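**Student:** Have a look at this one.
The values are calculated or read from the model by the stated rules, or taken from the named source; none is laboratory data. No experiment lies behind these values; they were computed from the predicted model shown. We place every Cβ from the backbone using ideal geometry, glycine too, and count neighbours over all the protein chains shown. Areas reflect the complete protein model, heavy atoms only, side chains present, ligands, DNA and RNA absent. Shrake-Rupley method; radii C 1.70, N 1.55, O 1.52, S 1.80 Å.
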Amino acid sequence: MTITRRNFLKWSGIGALGTVVFAGCGIPEEELLVQSPATMPEDMVTGLEAWYATSCAQCNNGEGIIVRIIEGRAIKIEGNPDHPVSKGKTSVRSQAGLQVLYNPDRLTGPMKRTGNRGLGEFEPITWDEALAEVLPKLTGTKSVAMITDPVSGSLGRVIKEFVDRNGTRHMALESMEQTVLTRTVRDMFGQEVMPVFDISNADYVLNFGADFLSTWLSPVQYSRAYGEFRQGHGHRGTLVHIEPRMSMTAANADKWHYVTPGTEGLVALSIAYVLVKDFAQDIDQETLSLMTGGGGVSALASYAPESTVDATGLTPEVIENIAHELTKSEHSLVIGGGAAAAHINGLFNMRAIYSLNLLLGNIGKKGGIRFNPEPADFGIDKRDAVATFQDWKTLRDDLSSGKTDTLLIHGANPAYTLESINFTDGAKNAKTIISFSSFLDESSALADIILPDHTYLESWGDHDPDPGPGYQTVTFQQPVVFPFNQDVGRGTRSFGDVLLDLDSKLGNSPSYSNMKEAVRARATKLYDQNRGSVQSGNFEAFWISVLQRGGWWDEKSSGPNEGPTKPITSAEMAAEYDVPNTTAEYPFHLIPFESNSITDGRGANQPWLQAAPDPLSTATWETWVEINAKKADELGIKEGDEVEIASSTGFINALAYPNPASSPEVLSVPTGLGHKHYGNFEIGPDMFRSLVGKGRGSNVMAIINPVQDKDTGALAWSDTKVNIKKTGKWIRLPKFEGVVPPQYEEGLFPIVKPEH
Amino acid sequence: MVIEVIERQTRKWQMVVDVDKCTGCQACVIACQVENNVALNSDEIFRQRRATEWIRIERYWEGEFPNVKARFLPVLCQQCGNAPCEPVCPVFATYHNDQGLNVQVYNRCVGTRYCQNNCPYHVRFFNFWEPVWPESLRNHLNPDVTVRSRGVMEKCTFCVQRIRRGELDADREGRQLKDGDIQPACAQACPTDALVFGDISDSNSRVSGFAENKRKFHLREELGTDTNVIYLAKVDAEAKDRSHA
């Protein structure tokens, strides 16, 4: 007998008796396994879905995505399976992109400031009124600075044209500054763009501080490579990670070594010493003589593992083992970045670390470092306009003194990111601030006029992923839905379109009348090349195809096989090396880390990202501080205790999260919260609703000491020392851990040893 | 025109979770919530320990600094062949379909929570509140998936809406499903390819390729739940001797 809905209702009529029969007599098992009639009928017609390819802007690396559209609404974002950077995969951040598009907090049209600067009081105005207000403000200015996030592709080209013609200074803001890495790649390898770190084909990866599985450079690309590195080939690769904090990448390494913050370069040189001393026949002789000035191993003698152990904390056995494994592996790879570069010694550290690749002959090799080609025609590298911390300090002073009187801000939030140097105080003196932000954030709150941009799912563009996949790749971005805000006379407009419009209204004649034209111009350039993934005898067919595929790439193009070999020299090594020290007043190293979900803060208005547990702490929605569990015991700090973390620059409050993986010398705090304006809407069941972003948590970048890398002027964001004290308040840390009991008892998690 | 009717093959869906590839990145967790209209987990919901994550990443600490490891384990409904949640439901809201899926019928559920109580994997979630979204965020709700109301249980479905859509598309095109045609949201998102989904009765499918893997294990195998999620163990040269695996 089958249980149909009708039968079932009959039984329900019998009432309690039915239940008794069920429990008492026992129903034969097959009756409980019967198919329900509630499955969808076979003749059902499903709603029509359409998928459009475009580019993800959540992480700024031109990852190709496809968006599922049903009845004009964006329903789901997936990776573009054709695209060489994403290959069908996505990060947690790409997934949440729909909450940018449909964010309740989006500005519905231009706004004009009514209250004092920074209060965030605005009145809605029309585009005509707004542009009429803006134009006179752009003429007769002393000096205009345009602040954006790092931009590539056609928007980069449009901005470049605008700033060149109008004498505007363009400064791109990188919130976790990568200048040191960019400089290292340029100086040592002669490359303007990031190389390919061929993790997938490596046997042994030694990584200094680069959290490449979470947020570093191109995490989706690296995660895919990591999957192959682990189980994709005949044998499993080994990942050794050296960092002061157990980051997500460190947690996935075969071995994580704690290193005293800022001494990563010493570790690298110790490894170099052992390589030169014990494996001289295996290393690149040219690099060796350049590094040692012909002096051989004695030139490195001061970096013998026995001499560096006190500073770094890594024992000679560990150093020797790493050196041994590096030479034993056919495909070894050394990566450095993140906290290792964010020190007063940043450039020294990075040069020492990447010199290991030169010594080991890893350049241009499978499983090593391969160089990317320059962007394809009409491309702009997004790092070209990146400003250093020194530049930002100068801009703040120029604003204070009135030397720079006008700011145009798009895609960046300097008032939040540069809180440690009180950028806001400088900006308040500006005569005019025009923001192109889609949201009211700390920077647009300072603006006189806000001209809100479309979101990336509503606008045209193209991007040059950097790092690319090893060949020229252009990701195309097209509107996948109509603009969400289309009020008559108001609504949002694409930043590029507005910029071109303003430019022509200023009496200039820009090369394009709108962004779509600019993107088509790029496509024309690629079409003329007659190479790569899309080729056609007809431009319109080419254009359609490029949009359908989400981009254009030429697998046959490649970067140079080798570059100049410029390792760290003995002269550099002779210079004084400042080991960052804690003091009695500030006994902890502060390691800020980029949140896996809300990154530098731009995700803080997306409930999905706020609610995505941190991989290590499983914490959500709050700013927490990771502290060693034993140390916390000593200090009488337990989970959820609100603590004050103070540096010589300032203090923030955070909730304590003691854990067994933190070093007793380190406190680490995620970035991204502590917004004064961003994410100003409520979610949650009716009886307890709470604001998504505004007023939640703290901005750790606000207490970073304004210390800079000696050589590049980059912000040494990992070089701050702090102390910690309880405020006396306790707030339950919202975290996933504990929502359900774990599947395994302590020590019973299934693990196997590798096969040899 | 003659339309040839293709008889569907019998399917048994399984998922393989390679723990050695999982980095704990949470892409699957959010991909699932986007696809399946899971109610937004606010801070207070986390504080009350009532967060809903159809797939979750469990994180295990091992040891203490400096010899410390973190382990990640993705856990979703195991789609048990012999499911402890099914016989306890007084209203047949949870049943077993012919493709090996453990299915929840929302409009039958009366919220006794017996199934949640009996599930050893803790993958069933109760809607304590009516789910609410700010007006504009309702635009991204997936029309293929029911929004569950207050008082009913919900859980991972192996994205049954994608399975059904894939089957219907294949029928319409007059062909059988190919391996890889159907991917649940979590497996599609997973950037390291740690999650693989497919038909175990198709001997050429990717999941079948893992059937003899030496690292294979099931969660709480001792309970005899005959799960359809297969795990491949983490590899670590420093692993200590363990009673499992």
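**Student:** Being open to solvent by 10 Å² or more (accessible area, probe 1.4 Å) and more than 10 Å from chain A (Cβ to nearest Cβ) narrows it down to one of B:Pro84, B:Pro66, so name that one.
**Tutor:** Details: B:Pro66 fails: more than 10 Å from chain A (Cβ to nearest Cβ).
Selected residue: B:Pro84, the only one of B:Pro84, B:Pro66 that is open to solvent by 10 Å² or more (accessible area, probe 1.4 Å) and more than 10 Å from chain A (Cβ to nearest Cβ).
**Student:** Please state which one of A:Ala612, A:Ala604 is in contact (Cβ under 8 Å) with a residue 60 or more places away in the chain and in a loop (DSSP other than H, G, I, E, B). Steps first, answer last, please.
**Tutor:** Details: A:Ala604 fails: in a loop (DSSP other than H, G, I, E, B).
Within the list A:Ala612, A:Ala604, the selection yields A:Ala612.
**Student:** Collect the residues in segment A:222-247 that are aliphatic (A, V, I, L, M) and either free of Cβ contacts under 8 Å to residues at least 60 places away in the same chain or in contact with a Leu (Cβ under 6 Å, 6 or more places away or on another chain) (or both), keeping them in residue-number order. Write out each step before concluding.
**Tutor:** Of all residues in segment A:222-247, those aliphatic (A, V, I, L, M) come to A:225, A:239-240, A:242, A:246.
A:Ala225, A:Leu239, A:Val240, listed by residue number.
**Student:** Also: How many residues, within segment A:108-129, are crowded, with 17+ Cβ neighbours inside 10 Å and more than 18 Å from A:Ala430 (Cβ to Cβ)? It would help to see each step written out before you state the result.
**Tutor:** Our first condition is that a residue be crowded, with 17+ Cβ neighbours inside 10 Å; within segment A:108-129, this holds for A:109-111, A:113, A:117-118, A:120, A:122, A:125, A:127.
Of the ones still in play, those that are also more than 18 Å from A:Ala430 (Cβ to Cβ) are A:109-110, A:125, A:127.
Residues that pass the stated criteria total 4.
**Student:** Starting from segment A:74-89, take each residue that is without any contact (Cβ under 8 Å) to a residue 12 or more places away in the chain and list its partners that are open to solvent by less than 10 Å² (accessible area, probe 1.4 Å) and in a strand (DSSP E or B), counting only C-beta distances under 7 angstrom and pairs at least six apart or across chains.
**Tutor:** Final answer for the pair search is A:Gly88/A:Gly79.
**Student:** Just the residues that are open to solvent by 10 Å² or more (accessible area, probe 1.4 Å) and touching a residue at least 60 places away in the same chain (Cβ under 8 Å), please, taken from segment B:49-63. Spell out how you get there, then give the answer.
**Tutor:** So the first thing to find is which residues in segment B:49-63 are open to solvent by 10 Å² or more (accessible area, probe 1.4 Å), and the list is B:49-50, B:52, B:57-63.
Those that are open to solvent by 10 Å² or more (accessible area, probe 1.4 Å) and touching a residue at least 60 places away in the same chain (Cβ under 8 Å): B:Arg50, B:Thr52.
**Student:** If a residue has to be in a loop (DSSP other than H, G, I, E, B) and either open to solvent by 20 Å² or more (accessible area, probe 1.4 Å) or of a type outside the set (Asp, Glu) (or both) to count, how many in segment A:362-409 make the cut? Walk me through it before giving the result.
**Tutor:** Restricting attention to segment A:362-409, the residues satisfying the condition of being in a loop (DSSP other than H, G, I, E, B) are A:362, A:364-368, A:371-385, A:387-388, A:402-405.
From the residues that got through so far, the ones that are either open to solvent by 20 Å² or more (accessible area, probe 1.4 Å) or of a type outside the set (Asp, Glu) (or both) too are A:362, A:364-368, A:371-380, A:382-385, A:387-388, A:402-404.
Of the residues in segment A:362-409, 25 are in a loop (DSSP other than H, G, I, E, B) and either open to solvent by 20 Å² or more (accessible area, probe 1.4 Å) or of a type outside the set (Asp, Glu) (or both).
**Student:** If you go through segment B:3-41, how many residues are assigned to a helix (DSSP H, G or I) and more than 8 Å from chain A (Cβ to nearest Cβ)? Before the answer, list the steps.
**Tutor:** From segment B:3-41, those assigned to a helix (DSSP H, G or I) are B:27-35; that's our starting set.
Narrowing the set further to residues that are more than 8 Å from chain A (Cβ to nearest Cβ) leaves B:28, B:32.
Selection size over segment B:3-41: 2.
**Student:** Is one or more of the residues making up segment B:222-240 under 13 Å from the mean Cα position of the chain (by Cα), facing another protein chain (nearest Cβ under 7 Å) and of a type in the set (S, T, N, Q)?
**Tutor:** Looking only at segment B:222-240, we keep the residues that are under 13 Å from the mean Cα position of the chain (by Cα), and these are B:227-231.
Now restrict to residues that are facing another protein chain (nearest Cβ under 7 Å): none.
Looking through segment B:222-240, none of the residues is under 13 Å from the mean Cα position of the chain (by Cα), facing another protein chain (nearest Cβ under 7 Å) and of a type in the set (S, T, N, Q).
**Student:** Return yes or no: is B:Asp169 within 30 Å of B:Arg71 (Cβ to Cβ) and either open to solvent by 40 Å² or more (accessible area, probe 1.4 Å) or not hydrophobic (A, V, I, L, M, F, W, C) (or both)? Let's see the steps before the verdict.
**Tutor:** Details: within 30 Å of B:Arg71 (Cβ to Cβ): no; either open to solvent by 40 Å² or more (accessible area, probe 1.4 Å) or not hydrophobic (A, V, I, L, M, F, W, C) (or both): yes.
When the stated conditions are applied, B:Asp169 does not pass them.
**Student:** Filter segment A:514-531 for residues that are surrounded by 21 or more Cβ atoms within 10 Å (Cβ to Cβ) and touching a helix residue (DSSP H, G or I) at 6+ places or on another chain (Cβ under 7 Å) and give the result.
**Tutor:** Quick first cut of segment A:514-531, residues surrounded by 21 or more Cβ atoms within 10 Å (Cβ to Cβ) only: A:515, A:518-519, A:522-523, A:526-527.
Within segment A:514-531, A:Met515, A:Ala518, A:Val519, A:Arg522, A:Ala523, A:Tyr527 qualify.
**Student:** Does segment A:702-722 contain any residue that is within 12 Å of chain B (Cβ to nearest Cβ) and part of a loop (DSSP other than H, G, I, E, B)?
**Tutor:** Taking segment A:702-722 and keeping what is within 12 Å of chain B (Cβ to nearest Cβ), we get none.
Taking every residue of segment A:702-722 in turn, none turns out to be within 12 Å of chain B (Cβ to nearest Cβ) and part of a loop (DSSP other than H, G, I, E, B).
**Student:** Read through the list (1) aliphatic (A, V, I, L, M); (2) away from chain B (no Cβ under 11 Å); (3) in contact (Cβ under 8 Å) with a residue 12 or more places away in the chain; (4) more than 30 Å from A:Asn413 (Cα to Cα), then give the number of the only condition that A:Ala584 fails.
**Tutor:** (3)
**Student:** If I filter segment A:278-325 down to residues being hydroxyl-bearing (Ser, Thr, Tyr) and open to solvent by 40 Å² or more (accessible area, probe 1.4 Å), which single residue comes out as nearest to A:Asn357 (Cα to Cα)? Can you show your working first?
**Tutor:** Of segment A:278-325, the ones hydroxyl-bearing (Ser, Thr, Tyr) are A:287, A:289, A:292, A:298, A:302-303, A:307-308, A:312, A:315.
Adding the requirement that they be open to solvent by 40 Å² or more (accessible area, probe 1.4 Å) leaves A:289, A:298, A:302, A:307, A:315.
Working: A:Ser289: 15, A:Ser298: 21, A:Ser302: 21, A:Ser307: 23, A:Thr315: 22 Å.
So the residue we want is A:Ser289.
**Student:** Follow-up. Give the residue that is farthest from A:Ile703 (Cα to Cα), with candidates limited to residues of segment A:640-661 that are within 14 Å of chain B (Cβ to nearest Cβ) and open to solvent by 10 Å² or more (accessible area, probe 1.4 Å). Break it down into steps so the answer makes sense when it comes.
**Tutor:** As a first pass, look at segment A:640-661 and keep what is within 14 Å of chain B (Cβ to nearest Cβ): A:640, A:655, A:657-661.
From what's left, open to solvent by 10 Å² or more (accessible area, probe 1.4 Å): A:658, A:660.
Details: A:Pro658: 21, A:Pro660: 25 Å.
Once the filter is applied, the top-ranked residue is A:Pro660.
**Student:** Identify the residue in segment A:64-107 that is more than 10 Å from chain B (Cβ to nearest Cβ) and not in a strand (DSSP E or B) and, among all such residues, is most open to solvent (accessible area, probe 1.4 Å). Give the steps one after another, and end with the answer.
**Tutor:** First, the residues of segment A:64-107 that are more than 10 Å from chain B (Cβ to nearest Cβ): A:64-67, A:69, A:80, A:82-85, A:100, A:107.
Right, trim to not in a strand (DSSP E or B) and you get A:80, A:82-85, A:100, A:107.
Details: A:Asn80: 5, A:Asp82: 76, A:His83: 0, A:Pro84: 5, A:Val85: 0, A:Val100: 19, A:Leu107: 21 Å².
Within segment A:64-107, the match that is most open to solvent (accessible area, probe 1.4 Å) is A:Asp82.
**Student:** State which residue is nearest to B:Asn102 (Cα to Cα) when the search covers only segment B:163-181 and only residues that are of a type outside the set (S, T, N, Q) and in contact (Cβ under 8 Å) with a residue 60 or more places away in the chain. First the steps, then the outcome.
**Tutor:** Taking segment B:163-181 first, the residues of a type outside the set (S, T, N, Q) are B:163-175, B:177-181.
Still in the running and in contact (Cβ under 8 Å) with a residue 60 or more places away in the chain: B:163, B:167, B:170-171, B:174-175, B:177.
Values: B:Ile163: 14, B:Glu167: 18, B:Ala170: 23, B:Asp171: 24, B:Gly174: 28, B:Arg175: 26, B:Leu177: 21 Å.
The selected residue is B:Ile163.
**Student:** Can I ask one more? Of everything in segment B:138-153 that's in contact (Cβ under 8 Å) with a residue 12 or more places away in the chain and not in a loop (DSSP other than H, G, I, E, B), which residue is farthest from the other protein chains (Cβ to nearest Cβ)? First the steps, then the outcome.
**Tutor:** Kept after step one, since they are in contact (Cβ under 8 Å) with a residue 12 or more places away in the chain, are these residues of segment B:138-153: B:140-142, B:144-153.
Those left that are additionally not in a loop (DSSP other than H, G, I, E, B): B:140, B:153.
On the way: B:His140: 4, B:Met153: 14 Å.
Among those that are in contact (Cβ under 8 Å) with a residue 12 or more places away in the chain and not in a loop (DSSP other than H, G, I, E, B), it is B:Met153.
**Student:** For segment A:604-625, which residues satisfy the criterion of being more than 11 Å from every other protein chain (Cβ to nearest Cβ) and either more than 18 Å from B:Ile45 (Cα to Cα) or crowded, with 24+ Cβ neighbours inside 10 Å (or both)? Don't jump to the end; show me each part of the working.
**Tutor:** Initially, segment A:604-625 is screened for residues more than 11 Å from every other protein chain (Cβ to nearest Cβ), giving A:604-605, A:623-625.
Correct list: A:Ala604, A:Asn605, A:Trp624, A:Val625.
**Student:** Next up: Have a look at A:Phe749, A:Phe736 and point out the one that is within 14 Å of chain B (Cβ to nearest Cβ), open to solvent by less than 40 Å² (accessible area, probe 1.4 Å) and in contact with a helix residue (DSSP H, G or I) (Cβ under 9 Å, 6 or more places away or on another chain). If you could, list the steps in order and put the result at the bottom.
**Tutor:** Numbers: A:Phe749 fails: in contact with a helix residue (DSSP H, G or I) (Cβ under 9 Å, 6 or more places away or on another chain).
Only one candidate qualifies: A:Phe736.
**Student:** From the list A:Leu213, A:Leu206, which residue is assigned to a loop (DSSP other than H, G, I, E, B) and open to solvent by less than 10 Å² (accessible area, probe 1.4 Å)? Spell out how you get there, then give the answer.
**Tutor:** Numbers: A:Leu206 fails: assigned to a loop (DSSP other than H, G, I, E, B).
Step by step, each of A:Leu213, A:Leu206 is checked, and only A:Leu213 is assigned to a loop (DSSP other than H, G, I, E, B) and open to solvent by less than 10 Å² (accessible area, probe 1.4 Å).
**Student:** If you scan segment A:241-277, which residues turn out to be within 14 Å of another protein chain (Cβ to nearest Cβ), under 16 Å from A:Ala340 (Cα atoms), open to solvent by 10 Å² or more (accessible area, probe 1.4 Å) and not in a loop (DSSP other than H, G, I, E, B)?
**Tutor:** A:Trp256, A:His257
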